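J.: So that we are looking at the same thing, I have put the structure below in structure tokens.
The values are calculated or read from the model by the stated rules, or taken from the named source; none is laboratory data. As the structure is a computational prediction, the values presented were derived from the model and not from experiment. Using ideal geometry, Cβ is built from the backbone for each residue, glycine included, and neighbour counts are taken over all protein chains shown.
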Amino acid sequence: MRSQIIAAAVLGLFAARGAQAQAPDFEKVEIKATKVAGNVYMLEGAGGNIGVSVGDDGIVIVDDQFAPLAPKIQAALKNITPKPVKFVLNTHWHGDHTGGNEQFGALAPIIAHENVRKRLGSESKGPNGQVRPPAPKGALPIITFNERLTVHINGEDIRAIHFPKGHTDGDAIIFFTKSNVVHMGDDFFSGRFPFIDLSSGGSVRGLIANLDKVIPEIPAGAKIIPGHGPLSTIDDLKKFASMMKETTALVQAGIKAGKTLDQLQKEKVLGKFESWGSGSIKADRFTEILYNDLTAKVSRAE
């Protein structure tokens, strides 16, 4: 049963991202811990970046990557502090951010937007029709919120704020208010094209709206943890927002001119932005995501 759960978590990632890559070799993955600012660290391994608040009250983690990495993540946390995990926050439902929920949920309450619980608790399909079964009960958030929630711990207010219809329909952006750190989840892929999960309520224009709203709310000098990519600054986030707007405008202009997706890809409509294809989403795939959303078509990543 446990192997089925792990396989389902990995399948959930690649079904959600529509990735062409193979699953990572978890035996070779190393967890890297970086001090960000104040009480906050960032853990990198495989999957989404993990935010960590440490202090006298214990540990709060934001996301938990894949199930097989849970022991390595726990070891990395123990190298930072002997304190126990007190809360787990999920930025959204995808398996590369929630795969460790069952293990960490046995240690501490899981908190997420209500749509995260709904999607984790429901059956979903991958790009080739593979079925991802509902997550086990122990992997589901037991505390959910609608608009916002605050955890008062380690001398600061950790605020989870829902930003709708961005990467998914359950996105939460996390503000570590005293440490001046923001965890953007997958509403920010630093220096690369993002995956926007249209089949999970994500939206290109919604993500742009979220960025336009959150950027003015981020304090000066804040360190930003992206869902994927290196530790970033507000300038990096602004560049990402600008890329989103320009690429969307280019594809929208092509649609208005009556061009098909195939034509836009052959013309390399996003050629100016090829360097942003350093992650799993390349220019042609991102063109497809933009086109499908702007023409109200369903993504192949459904």
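J.: I'm trying to understand the selection: among the residues of the range 96-149, which are of a type in the set (S, T, N, Q), farther than 17 Å from D169 by Cβ and in contact (Cβ under 8 Å) with a residue 12 or more places away in the chain?
T.: Answer for the range 96-149, where residues must be of a type in the set (S, T, N, Q), farther than 17 Å from D169 by Cβ and in contact (Cβ under 8 Å) with a residue 12 or more places away in the chain: N101, Q103, Q130.
J.: Could I ask something else about it? Out of the range 249-266, which residues are of a type in the set (V, I, T) and either touching a residue at least 60 places away in the same chain (Cβ under 8 Å) or assigned to a helix (DSSP H, G or I) (or both)?
T.: V251, I255, listed by residue number.
J.: A follow-up question, please. Suppose we filter V88, V36 for residues that are outside any loop (DSSP other than H, G, I, E, B), in contact (Cβ under 8 Å) with a residue 24 or more places away in the chain and surrounded by fewer than 24 Cβ atoms within 10 Å (Cβ to Cβ); which single one remains?
T.: Unique residue meeting the criteria: V36.
J.: Looking at A160, is it among the aliphatic types (A, V, I, L, M), in contact with a Leu (Cβ under 6 Å, 6 or more places away or on another chain), within 22 Å of S53 (Cβ to Cβ) and not in a loop (DSSP other than H, G, I, E, B)?
T.: Yes; evaluated as a whole, the condition is true for this residue.
J.: Looking at this structure, is V269 among the hydrophobic types (A, V, I, L, M, F, W, C), at negative phi and in a loop (DSSP other than H, G, I, E, B)?
T.: yes
J.: For N115, which of the numbered conditions (1) of a type outside the set (A, V, I, L, M); (2) surrounded by fewer than 22 Cβ atoms within 10 Å (Cβ to Cβ); (3) within 20 Å of K32 (Cβ to Cβ) fails to hold?
T.: The single condition N115 does not satisfy is (3).
Yes/no matrix, rows are residues, columns are (1) surrounded by fewer than 20 Cβ atoms within 10 Å (Cβ to Cβ); (2) of a type outside the set (S, T, N, Q); (3) touching a Phe, Trp or Tyr at 6+ places or on another chain (Cβ under 8 Å):
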residue	(1), (2), (3)
I225	no, yes, no
I234	yes, yes, no
K239	yes, yes, no
A257	yes, yes, no
E274	yes, yes, no
G277	yes, yes, yes
I289	no, yes, yes
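J.: Can you tell me how many residues in the range 273-286 are touching a helix residue (DSSP H, G or I) at 6+ places or on another chain (Cβ under 9 Å) and either in contact (Cβ under 8 Å) with a residue 40 or more places away in the chain or more than 24 Å from M184 (Cβ to Cβ) (or both)?
T.: 9
J.: Condition check: part of a loop (DSSP other than H, G, I, E, B) and buried (at least 22 other Cβ atoms within 10 Å of the Cβ). Does A135 satisfy that?
T.: yes
J.: Quickly run through the range 138-157 and pick out the residues that are touching a helix residue (DSSP H, G or I) at 6+ places or on another chain (Cβ under 7 Å), crowded, with 22+ Cβ neighbours inside 10 Å and in a loop (DSSP other than H, G, I, E, B).
T.: P141, the sole residue that qualifies.
Every residue, every condition in (1) in contact with an Asp or Glu (Cβ under 9 Å, 6 or more places away or on another chain); (2) modelled with pLDDT of 95 or more; (3) more than 14 Å from I59 (Cα to Cα), yes or no:
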{"residue": "Q74", "(1), (2), (3)": "no, yes, no"}
{"residue": "N79", "(1), (2), (3)": "no, yes, no"}
{"residue": "H92", "(1), (2), (3)": "yes, yes, yes"}
{"residue": "H97", "(1), (2), (3)": "yes, yes, yes"}
{"residue": "G100", "(1), (2), (3)": "yes, yes, yes"}
{"residue": "F104", "(1), (2), (3)": "yes, yes, no"}
{"residue": "E114", "(1), (2), (3)": "no, yes, yes"}
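J.: Take the residues of the range 189-223 that are in contact with a strand residue (DSSP E or B) (Cβ under 9 Å, 6 or more places away or on another chain) and among the polar types (S, T, N, Q): which is surrounded by the fewest Cβ atoms within 10 Å (Cβ to Cβ)?
T.: That would be S199.
J.: Right, something else. Yes or no: the range 177-191 includes at least one residue that is over 14 Å from the mean Cα position of the chain (by Cα), free of Cβ contacts under 8 Å to residues at least 24 places away in the same chain and within 16 Å of I61 (Cα to Cα).
T.: Yes: one or more hits.
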